[in-house]
Amino acid sequence: MSTMSLIYIVEDDKNIQEIESYALSGAGYEVKCFDEGESFLKTVECVLPNLVILDIMLPGDDGLTILKKLRSKNETKDLPIMMVTAKSTEIDKVKGLDQGADDYITKPFGVMELMSRVKALLRRVKTDEPEDVLCYRNISLDQDRRLCLVDGEKVDLTFKEYELLKLFLNNTGIVLTRDSIMASVWGYDFTGETRTVDMHIKTLRKKLGDAGAMIVTIRNVGYKLE
């Protein structure tokens, strides 16, 4: 049985920090809280958590700036991050997802919603997948080692690009709508803004080189691997 997950909360509102901390500790998670980004980033360098709950509005660096810093470093580029914000506008949600957040929750939120999101996110990023390799033509995905190879050459993918490619390899020849891709890779339905999907497909194609041409755009619908 694995040890309990360590969760870092970065939140400057003491009341909300306490509610989150109390709920998560009560559910058996190990929790550490931070009021701002600087001490949080220093701690992450020493001890990597299993999940970060990151508020957008913070003193000093805001949450999106901290998110950018984490995603730019090798050690933390795949760290599961849930953004928390008081802003519920679509554009903030898109910004957070575009910059690599794994999930998003808007204040005010209920404890039950927070708990179910945390559990779902931790489940989703567990890398103890079956030891198998997905292959299609010259692309192969070693799920045990989370490794992508094209013509035997290693291709470095971000967490989201890897999940996208895995989805295509599991559904070769099938047209996937943007909404279904969003739901599968980002974990929930997120309609109205599909540029997040388009942007990630673009970078994935680029990294795959000539093999990227196999990911075909189906006009007004979505994409398929053929």
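Taken over the range 22-35, the criterion of being modelled with pLDDT under 95 and not hydrophobic (A, V, I, L, M, F, W, C) is satisfied by TYR22, SER25, GLY26, GLY28, TYR29, GLU30.
Scanning the range 154-187 for residues that are open to solvent by 30 Å² or more (accessible area, probe 1.4 Å), assigned to a loop (DSSP other than H, G, I, E, B) and of a type in the set (A, V, I, L, M) turns up ILE174, VAL175. Screening PHE190 on (1) open to solvent by less than 40 Å² (accessible area, probe 1.4 Å); (2) at pLDDT 85 or above; (3) within 16 Å of the chain's Cα centre (by Cα) shows it passes everything except condition (2). Out of the range 33-87, which residues are farther than 25 Å from ARG123 by Cβ, under 19 Å from the mean Cα position of the chain (by Cα) and not hydrophobic (A, V, I, L, M, F, W, C)? Across the range 33-87, the qualifying residues are ASP62, THR65, LYS68, LYS69, SER72.
Applying a threshold of 8 Å to beta carbon distances and a minimum spacing of six or more residues, or different chains, the list of pairs starting in the range 88-106 at a residue that is outside any loop (DSSP other than H, G, I, E, B) and ending at one that is modelled with pLDDT under 70 and polar (S, T, N, Q) reads THR106/SER88.
Considering the range 22-49, the residues that are buried (at least 19 other Cβ atoms within 10 Å of the Cβ) and without any contact (Cβ under 8 Å) to a residue 40 or more places away in the chain include one that is farthest from GLY63 (Cα to Cα), namely VAL31. Any residue at all in the range 75-84 that's more than 15 Å from VAL10 (Cα to Cα) and buried (at least 21 other Cβ atoms within 10 Å of the Cβ)? No; the residues of the range 75-84 include none that is more than 15 Å from VAL10 (Cα to Cα) and buried (at least 21 other Cβ atoms within 10 Å of the Cβ). Residue-level analysis places LYS202 among those that are out of contact with any strand residue (DSSP E or B) (no Cβ under 8 Å at 6 or more places or on another chain), surrounded by fewer than 17 Cβ atoms within 10 Å (Cβ to Cβ) and within 22 Å of LYS95 (Cα to Cα). Against the condition in a strand (DSSP E or B) and surrounded by 13 or more Cβ atoms within 10 Å (Cβ to Cβ), how does LYS207 come out, does it pass? Considered against the rule, which asks whether it is in a strand (DSSP E or B) and surrounded by 13 or more Cβ atoms within 10 Å (Cβ to Cβ), LYS207 comes out as no.
The values are calculated or read from the model by the stated rules, or taken from the named source; none is laboratory data. Remember, predicted model here, so these are calculated numbers, not experimental data. Heads up, the Cβs are rebuilt from the backbone with ideal geometry, glycines too, and the neighbour counts pull from every protein chain shown. Note: accessible area is taken over every heavy atom of the protein model, side chains too, but ligands, DNA and RNA are not part of it. Shrake-Rupley method; radii C 1.70, N 1.55, O 1.52, S 1.80 Å.
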